[in-house]
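In what follows, a single structure is set out as structure tokens and then discussed.
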Amino acid sequence: MLLSVEDLSVHIGVINPLSDLSFGVDRGQILGLVGESGSGKSLTAMAVMGLLPLIGGRISAGRILFDGTDLAKLPEAALRGYRGRRIALVTQNPMTALDPVVRVGRQVDVMGRMHLGLSADEARRRTIELLTRLRIPEAQAVCEAYPHQLSGGMKQRIVIAIALAGEPDLIVADEPTTALDVTVQAQIIHLLGELVRDRGLGMLLITHDMGVVAQVCDQVAVLYAGRLAESRPAEALFEHPLHPYTSALIGCIPRDGMAPGSLHGIAGAVPSVARYPAGCRFHPRCPRAGEICARQTPELTELTGAGRLACHFPLEGTHG
Amino acid sequence: MITYLTRRLLLLIPVFVAVSVVIFLILHLIPGDPLDNLLRVGSSPEKRAEMSARYGLDRPLVVQYGIWLGNLLQGDLGTSIASRRPVASLIGQALPHSLLLGALALAFSTLAGVALGVAAAIWRDRWADRLIMGGVLLGSTLPSFWMGLLFILAFSVQLGWFPVSGARGWESLVLPVLTIGLGGTALVARVARVAMIDAAERDFVLLLHAKGMPPGRIRLNHVLRHAMIPVVTILSLRIGWILGGAVTVEYVFARPGLGTTLIKALSQHDYPVVQACLLMLAMAVMLGTLLGDVVQALMDPRVRREAA
Ligand SMILES: Nc1ncnc2c1ncn2[C@@H]1O[C@H](COP(=O)(O)OP(=O)(O)OP(=O)(O)O)[C@@H](O)[C@H]1O
Ligand SMILES: [Mg+2]
């Protein structure tokens, strides 16, 4: 396993927006981390990148094993050796992800110079190579452009180029297509899928879009209100969702014109961290909830096939 | 960038005309006849008429303005009524002193202000921040002439470190520069602090951290660079204010310069000199603002596009 997150909990001050999260990513594999807005997806990405201190958060329990090393225990200086070099981040909004006053090429070059010890010329040559491989036309001219001169899809390709430039083993992509329009979304998703298979990278693909998950993911982890609901191989999960929440997510794969992040078909929204209900956090919105669901948190249990589930009344009880 | 600059320079022409009209009118509409200073008490009306004709004061205002502007464009600022010397040479003597003082004060406010603001932002909400911002608050509330007098008392009269007045050597510049510069320093420090904090919270900074860039480098190469954009804006808006400070401070320290020349000319109703001084100040403000905008366009490619 390239990345193995075990029982991860995150605190920001006294609040505890993420608890007991476990999942794993293999080389050449894409794990989709899905959930509605506010379920803790970005916090998971920040935790894996070791960037929680930036927003005043910390890992309060659990391990983040990357290639055998527990990142949760590493000091900041050591973490910096991983960031960009071995684990790269693709952020949600390409419009604001690049420094607006620095030419695009230099923002990519810096990775080669910083992490691979390349000279300015070598780094630029690699940048142009990389942009060309990401199917950016006229890479040379694009290098000289400022971010505001490029389209959203182009900017996201640049962000992906930055992620690849350090030759990482793992890419954490936090909603890489949410800010883009639909046709560009599909291009970027396919590009990411291709990169993972061709280069043997691992990818943690964060999204609230089950459609995206269905297209490219090998494994799926469904997050609800800071807890794992269900985590299984994609094919099995789409065929027979076990958690009622997963089933609801699949039942409403977003189509054109739907507000991003919303979940049609299930009334209500993810409660805020301060108002997580007792018991199963999904029970107020769950069509199958019984009396026990309000009282007792369902344990995350290993399934006999593969994967994990936390539900008192799964859709196919036999799997439990 | 070239088109941007040309456009900005062309825009200055109407502004210049408007300013020149205002300066000309103010001087001719305020009470006090300059001839009173030139003529002995009880001079004959003929003598007065002769003087009036000599300085062109008997012509209609529009004609006087036309003549003045025409001469001005040829570099002829007229003749001082009080000293009978060409105004251009008076200004030529005073201007370098004021420019030096203004430039040093500007440089001092910028450097000290940015340094303090950045330090306060780095140690945000800690004692260093509180100390700096407390000092800044104090500095921005005290009027500069008052501070100038205080400095003279403390450093010149009591300690004897710097000369009380005059313009001999660099020592005589220290107190005036401090006096003008401290207000600007306070302002710049406040703007720089907020700008640093804002810039550090921008989205792209997160990606820089994710790239594995050391925090010091992020701060210096990216955050500081963005924070300087509002600092330059505020500085270019405040150039007139700094020059205004120079006028009073020159007077307090009895330094030669545009301010001293202006105040003396005002008391003598020497309106060609007053006009020239005001014109110089106005032009300094216009060019200062232009300079600020150009620096900003150099720093931020998005400004270049909007302005093009
Ligand atoms: N800096 C912070 N301080 C306090 N609470 C925070 C902070 N950042 C996130 N949270 C809370 O943690 C929870 C999870 O946030 P997170 O950003 O991980 O959600 P998300 O799943 O990425 O949502 P989205 O789809 O909107 O990006 C939210 O309830 C949010 O309010
Ligand atoms: Mg998010």
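The values are calculated or read from the model by the stated rules, or taken from the named source; none is laboratory data. If you're wondering where the values come from, they're calculated on a predicted model, not measured in any experiment. So basically every Cβ, Gly included, is an ideal-geometry build from the backbone, and we count neighbours across all protein chains shown.
Below, the figures for the structure above:
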read-out: Unique match (being of a type in the set (A, V, I, L, M) and touching a residue at least 12 places away in the same chain (Cβ under 8 Å)) among B:Leu137, B:Leu159, B:Leu131, B:Leu153; value: B:Leu137
read-out: Residue in the range B:258-281 that is assigned to a helix (DSSP H, G or I), within 14 Å of another protein chain (Cβ to nearest Cβ) and not charged (D, E, K, R) present; value: no
read-out: Residue identified as over 21 Å from B:Gly56 (Cα atoms), crowded, with 21+ Cβ neighbours inside 10 Å and within 18 Å of the chain's Cα centre (by Cα) among B:Gly92, B:Gly102, B:Gly117; value: B:Gly102
read-out: Whichever residue in the range A:16-35 is of a type in the set (Val, Ile, Thr) and away from ligand 2 (no atom under 16 Å from the Cβ) and, among such residues, is farthest from the chain's Cα centre (by Cα); value: A:Val25
read-out: Residue match in the range B:219-237 (condition: away from chain A (no Cβ under 14 Å), assigned to a helix (DSSP H, G or I), closer than 22 Å to B:Arg130 by Cα and of a type in the set (S, T, N, Q)); value: no
read-out: Which numbered condition A:Met46 fails, given (1) within 11 Å of chain B (Cβ to nearest Cβ); (2) touching a residue at least 60 places away in the same chain (Cβ under 8 Å); (3) within 16 Å of ligand 2 (Cβ to nearest atom); (4) under 30 Å from A:Leu237 (Cα atoms); value: (2)
read-out: Every residue from the range B:243-257 that is outside any helix (DSSP H, G or I) and over 14 Å from the mean Cα position of the chain (by Cα); value: B:Phe253, B:Ala254, B:Arg255, B:Pro256
read-out: Qualifying residue in the range A:1-16 (condition: buried (at least 17 other Cβ atoms within 10 Å of the Cβ), within 7 Å of ligand 1 (Cβ to nearest atom) and in contact (Cβ under 8 Å) with a residue 24 or more places away in the chain); value: no
read-out: Failed condition for A:Leu54, given (1) within 16 Å of ligand 2 (Cβ to nearest atom); (2) within 14 Å of chain B (Cβ to nearest Cβ); (3) touching a residue at least 24 places away in the same chain (Cβ under 8 Å); value: (3)
read-out: Filter result (of a type in the set (Ser, Thr, Tyr) and more than 9 Å from ligand 1 (Cβ to nearest atom)) within the range A:29-75; value: A:Ser60, A:Thr69
read-out: Yes/no for A:Leu201 being away from ligand 1 (no atom under 16 Å from the Cβ) and in the same structural domain as A:Gly50 (by TED's automatic domain parsing); value: yes
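Per-residue answers, yes or no, for (1) of a type in the set (Lys, Arg); (2) crowded, with 23+ Cβ neighbours inside 10 Å; (3) at pLDDT below 90; (4) under 30 Å from A:Ile87 (Cα atoms):
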residue: B:Val205; (1), (2), (3), (4): no, no, no, yes
residue: B:Ala210; (1), (2), (3), (4): no, yes, no, yes
residue: B:Arg219; (1), (2), (3), (4): yes, no, no, yes
residue: B:His226; (1), (2), (3), (4): no, no, no, yes
residue: B:Leu235; (1), (2), (3), (4): no, yes, yes, no
residue: B:Gln275; (1), (2), (3), (4): no, no, yes, no
residue: B:Met280; (1), (2), (3), (4): no, no, yes, no
residue: B:Val285; (1), (2), (3), (4): no, no, yes, no
residue: B:Thr289; (1), (2), (3), (4): no, no, yes, no
